[in-house]
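To start, the structure itself, in structure tokens.
The values are calculated or read from the model by the stated rules, or taken from the named source; none is laboratory data. Computed from a prediction, not measured in an experiment: that's the story for all the values here. Don't worry about glycine lacking a Cβ; one is built from the backbone with ideal geometry, like all the others, and counts go over all protein chains shown. Surface accessibility is based on the protein's heavy atoms, side chains included, excluding ligands, DNA and RNA. Shrake-Rupley method; radii C 1.70, N 1.55, O 1.52, S 1.80 Å.
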6 protein chains.
Amino acid sequence: MSQEETRYGRGLAKMREIFGPEAETAVKALAATNPDLARYLVEFPFGDIYPRPSLDAKTREMLTVAALTVLGYPQAELKDHIRGALNVGCGREEIIEIITQMAVYAGFPAALEATKTAAAVFAESP
Amino acid sequence: MSQEETRYGRGLAKMREIFGPEAETAVKALAATNPDLARYLVEFPFGDIYPRPSLDAKTREMLTVAALTVLGYPQAELKDHIRGALNVGCGREEIIEIITQMAVYAGFPAALEATKTAAAVFAESP
Amino acid sequence: MSQEETRYGRGLAKMREIFGPEAETAVKALAATNPDLARYLVEFPFGDIYPRPSLDAKTREMLTVAALTVLGYPQAELKDHIRGALNVGCGREEIIEIITQMAVYAGFPAALEATKTAAAVFAESP
Amino acid sequence: MSQEETRYGRGLAKMREIFGPEAETAVKALAATNPDLARYLVEFPFGDIYPRPSLDAKTREMLTVAALTVLGYPQAELKDHIRGALNVGCGREEIIEIITQMAVYAGFPAALEATKTAAAVFAESP
Amino acid sequence: MSQEETRYGRGLAKMREIFGPEAETAVKALAATNPDLARYLVEFPFGDIYPRPSLDAKTREMLTVAALTVLGYPQAELKDHIRGALNVGCGREEIIEIITQMAVYAGFPAALEATKTAAAVFAESP
Amino acid sequence: MSQEETRYGRGLAKMREIFGPEAETAVKALAATNPDLARYLVEFPFGDIYPRPSLDAKTREMLTVAALTVLGYPQAELKDHIRGALNVGCGREEIIEIITQMAVYAGFPAALEATKTAAAVFAESP
């Protein structure tokens, strides 16, 4: 098995661990327009970065929820990663706490927008 | 009356002054998902900052319209604060002027997005 | 003919070259709420900057697609400029390539959002 | 006198009003590397936007201090505009108040960085 | 003891826990120019948010390192919080890992700048 | 030769093409603090993305100059890429033109900061 197959396979396995069976649907949807970006997404963030042992999956998802809350514009990605955070053992209370803390660093609008996105995710399985 | 009641009460009064009766609806909606952020929103921005005497409510709302135009992503908050600015004595012409000036500092896309949001607010009461 | 008529006329001609007949509709829609911003948009970016000879229209549109991908929030402007880039000779493959490269500089969320916007534009004329 | 001379002359006069005699030095320094940007800076922000009657010079400088605090990276421009705000009648207390309010919209790091820049300006004439 | 004394006292204690004895020096330096922002900084982020039990101090510092890496411009605050993260039990390897993960969400420039800042902090006690 | 060696080798060759002999010095400096980020930087942007045939090296560097100008905070990376753009055939006039165009999309402060950085690079070899 080549290194590239290893990176891709490892990345897809990590994505399934975080996002569940929706992972493959999302990669395919992206690949329909931008197949190389889909491949890089699997290989680099999820094949190279996320499997590294220094931080566990739950901590990584918490950091990503913080990052996307701060950026503000990527609410679709934030929605996916709030789902992912819940899947890997993060509690709703912790997600709300992360978003609240980000009011300090990126302002209240960032925390307000992320709270609305969290509310939409929480409403999916009440 | 405790200090905390003072901050919360003062903040809610300031929010009513700026946003009208919708203030309480907005706080309740936020509190349904993130009750502590709702409380901090009332206490810190509106209880601590906005009532300070160095700047009046109209000037504060103008500065906030500028800030949200520059950030770009929080169009929902910008909509609320354009309504707020109108409530505390800012004219439509002034709001448009602030947005136009922000083209200089954050680029034309920021001013174009904010103009669409202002148009949506202005259309509410023609 | 005054200088101002020259700038405005030159800008509108450049906008027609890039955006086609939709250019005038877009300027009129903006002018309904913010007539001066509409005039500045025609005069400064498209009357002053875009007609300058140092870069051709295709290169300018490619740079603008990069800039809007990085900013993240202005997906409506990105949609217009992806259409514009296609109009002035940029291929779909090049647009996708620009967006993919921006993953390096602004992160994967920026490239994912821009890919969705590109997909929406490409779907208009399949 | 042509329209362009009018815009440039009006812009330079406005810059002198805001920044004092340093205005011309700054324009010349910029023009040494990017003469067209120097001309556009005089003509568009200061020739077109700032002289418009809807907002006075003091209000415009206050809005710009807010915008630059939110952006965070342009501390050199913020320094110039804090000086400019003081020149056109803004008090130190008001500048500090604007910066403090921006903690709400762009987070504490934005307000902390801008406070350091304000401190540097205030130290120039104690 | 009033509520406000409680918030301020709790905030200062939390700052000492995170930043060590430098906490008070930093607050005093800020207070020299912006005393109210200094007070809000102690009361709101460190008095209200950080002491909340849902996340421990180490997790909060890790989230803040992520947030400041993404924002990019506040390298001075990032330096303080990398020191803080080390103080509350975060290893150098974990800090580097957080910064590396942020390359995915905010691009390589964000991770490169934060790595330089981490290197400067690590060099203080080799 | 494994796939990973191919990606790393191809990336380092591309970096040498763009940045000259300084490429290896920069990678080593980064690797002293964050060796994995150094490896990812070589492998992903320069091993995966830049060698792709859809855009040539000059166009890629022009897009990157645009992206870094828009982001504003990474002036160190902008400096490297202005040098890189010059190395792969971009003229000074074109770099200045890109920076000037970005005033439209990210505001004048972005263009002013980038012009100062360009001036510093141009001064290295007058």
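Values as computed for the structure displayed
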{"quantity": "The range F:1-125 - accessible surface per residue (Å², probe 1.4 Å)", "calculated": "33"}
{"quantity": "Accessible area buried between chains F and C, both sides summed, probe 1.4 Å, in Å² to nearest 100", "calculated": "2600"}
{"quantity": "Other protein chain Cβ atoms within 10 Å, averaged over every residue that makes up A:117-124", "calculated": "1"}
{"quantity": "In degrees, nearest ten, helix F:57-71 long axis to first principal axis of chain F (Cα)", "calculated": "60"}
{"quantity": "Whole-number D in µm²/s for the protein assembly as shown (Stokes-Einstein; Kirkwood sum over Cα pairs; 20 °C, 1.002 mPa s)", "calculated": "81"}
{"quantity": "Cα-projected label distance for B:Ala32 with D:Phe122, points at 7 Å along beta-carbon direction, nm", "calculated": "4.4"}
{"quantity": "For the range B:65-79 versus the range F:1-43, the gap between their alpha-carbon centres in whole angstrom", "calculated": "40"}
{"quantity": "Label 7 Å beyond Cα on the Cβ vector: A:Tyr8 copy-to-copy distances, nm", "calculated": "2.2, 5.7, 5.7, 5.9, 6.3"}
{"quantity": "Net charge, C:Pro35 excluded, C-beta distance under 13 Å - Lys, Arg +1, Asp, Glu -1", "calculated": "0"}
{"quantity": "Environment charge at D:Ile18 (Cβ cut-off 12 Å; Lys +1, Arg +1, Asp -1, Glu -1)", "calculated": "0"}
{"quantity": "Peptide F:22-35 - average C-beta neighbours from other chains (10 Å radius)", "calculated": "3"}
{"quantity": "Using alpha-carbon coordinates, inclination of helix F:75-87 to the longest axis of chain F, degrees", "calculated": "80"}
{"quantity": "Number of partner chain Cβ atoms within 10 Å, mean per residue of A:37-46", "calculated": "5"}
{"quantity": "Cross-link pairs B:Lys58/B:Lys116; C:Lys28/C:Lys116; E:Lys79/E:Lys116 - those with Cα-Cα distance over 18 Å", "calculated": "B:Lys58/B:Lys116; C:Lys28/C:Lys116"}
{"quantity": "Residue and distance (whole Å) for the chain D Cβ nearest the axis that superposes D on E", "calculated": "D:Tyr73, 2"}
{"quantity": "Angle between chain C longest axis and helix C:92-106 axis [Cα atoms, degrees, rounded to 10]", "calculated": "80"}
{"quantity": "1.4 Å probe, heavy atoms, protein only - residues of the range B:97-114 losing at least 40 Å² accessible area vs chain alone", "calculated": "B:Glu97, B:Thr100, B:Gln101, B:Val104, B:Tyr105, B:Phe108, B:Pro109, B:Leu112, B:Glu113"}
{"quantity": "Normalised contact order of chain C, rounded percent, pairs of Cα under 8 Å and 6 or more residues apart", "calculated": "24"}
{"quantity": "Convex hull volume per residue in cubic angstrom - Cα atoms of the range B:2-75", "calculated": "96"}
{"quantity": "Convex hull volume per residue in cubic angstrom - Cα atoms of chain F", "calculated": "109"}
{"quantity": "Fraction of accessible area attributable to carbon and sulfur, chain E (%, probe 1.4 Å)", "calculated": "55"}
{"quantity": "Label distances, nm, B:Pro53 versus same residue in remaining copies, Cβ-directed 7 Å point", "calculated": "3.4, 4.2, 6.4, 6.4, 7.4"}
{"quantity": "Charge tally in the Cβ shell below 12 Å around B:Ala57, where Lys, Arg are +1 and Asp, Glu are -1, B:Ala57 excluded", "calculated": "+2"}
{"quantity": "Kirkwood hydrodynamic radius over Cα pairs of the range F:62-126, then Stokes diffusion coefficient at 4 °C and 1.567 mPa s, in µm²/s", "calculated": "116"}
{"quantity": "F:Arg52-D:Glu17 pseudo-label distance in nm [points 7 Å out on the Cα-to-Cβ vector]", "calculated": "5.0"}
